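Chemist: There's a structure below that I have some questions on.
None of the figures in this text is laboratory data; all of them are computed from the coordinates on show. Not measured: the values here are computed from a predicted model. Methodologically, a virtual Cβ is constructed for each residue, glycine included, from the backbone with ideal geometry; neighbour enumeration extends over all protein chains shown.
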Amino acid sequence: MSGILFLEQGLTAAQAMGWMQLFLAFAIAQQSLEHLALGGVALRDRVTFVSRLLLCLGLAFGLGGGWPVWGLWGLGLAMLWRYQGPYNGGSDKMTMLILSCLSLAHLAPTVFWQEMALSYLAVQLLLSYFVSGWVKVFNPEWRSGSALRDVFRFSAYPVSEALRGLAERRRFLWIMGWAVILFELVFPLALLNPIALKLALLGAAGFHLSNACFFGLNRFFWIWLCAYPALIWFQDRIF
């Protein structure tokens with residue numbers, strides 16, 4: 001029933017936070033398990049990742065109120081210091097953004113300030129797509145399709161030769177490059193209609209999923225999905 005409400009109706013602020021925390025628990029637990037599965041991890045890092053796993057369990061089952069969120073935020077801040085910044089780039093930044101907004105929402109003295117925290121996250125999610133498209137449209141390599149050609153040709157991730165062969169299909173890459181640019185630029189317009197927003201989020205999730213399958217950027221897929229409930233709530237709130 002909750003899944004049907006998620007797709008067909010809006011969300012309350014409490015429901016949006018609940019979905020976000022559930023998705024976030026999965027995403028951060030996955031990241032932590034990846035690290036723990038590696039050999040040669042220092043003891044202090046193992047303690048950090050095990051602590052994150054325990055906090056994720058509390059977050060997933062709704063235990064401890066805001067404490068699991070605050071704990072994950074604190075550990076995230078410690079990891080920024082430990083690794084001298086977000087070592088996994090944009091996905092780590094989005095993780096901290098979501099944790100920061102959820103932390104503020106739990107600390108909010110009134111519903112108004114709780115909604116302000118969720119609204120800030122929703123706006124930042126919109127900007128993450130729009131600004132990305134805005135930067136691309138002024139980049140001659142993206143406009144010509146050569147940016148995608150270099151991605152397929154020189155990807156550091158292990159991909160098949162057939163996939164690398166797409167680098168030679170210039171017309172296809174030009175079309176795909178402009179499809180990405182236009183989708184990102186018009187993404188904020190999806191706020192005008194709840195069905196359009198759901199379709200836009202499905203399209204964005206498909207984009208992140210393709211990047212995860214083709215280039216191993218799996219963290220972007222999971223962590224961006226964590227913020228989607230905030231945007232669904234925001235659309236219903238302002239319209």
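Chemist: Quick one: among F138, F207, F221, which has the greatest mean-square fluctuation in a GNM of the chain with alpha-carbon springs under 10 angstrom?
Modeler: F138
Chemist: Sticking with this one: Could you give the DSSP H helices of the chain that reach 27 angstrom or more along their long axis (alpha carbon positions) and whose average Kyte-Doolittle hydropathy is no lower than 0.0? Walk me through the numbers before you get to the answer.
Modeler: On the way: long enough: 13-37 (36 Å, 0.76); 111-137 (39 Å, 1.09); 194-215 (31 Å, 1.35); 218-238 (31 Å, 0.50).
Helices meeting the span and hydropathy rule in the chain are 13-37, 111-137, 194-215, 218-238.
Chemist: How much mean residue ellipticity at 222 nm does the chain get from its helices, if each DSSP H run of length 4 or more adds -39500 (n - 2.57) and you divide by all residues, to the nearest 500 deg cm²/dmol? Display every interim value, and only then the final one.
Modeler: Details: 12 runs with 189 residues, N = 239.
So the helix-based figure for the chain works out to -26000 deg cm²/dmol.
Chemist: Among D150, D92, rank each residue by its count of other Cβ atoms within 10 Å, from fewest to most, as a rough exposure measure. Can you show the working numbers first?
Modeler: Numbers: D150 13, D92 19.
Sorted ascending by nearby Cβ count, the order is D150, D92.
Chemist: Two decimals is fine: what's Rg over Rh for the chain, C-alpha atoms, Kirkwood radius as Rh?
Modeler: Values: Rg = 19.0 Å, Rh = 19.2 Å.
Here the Rg-to-Rh quotient is 0.99.
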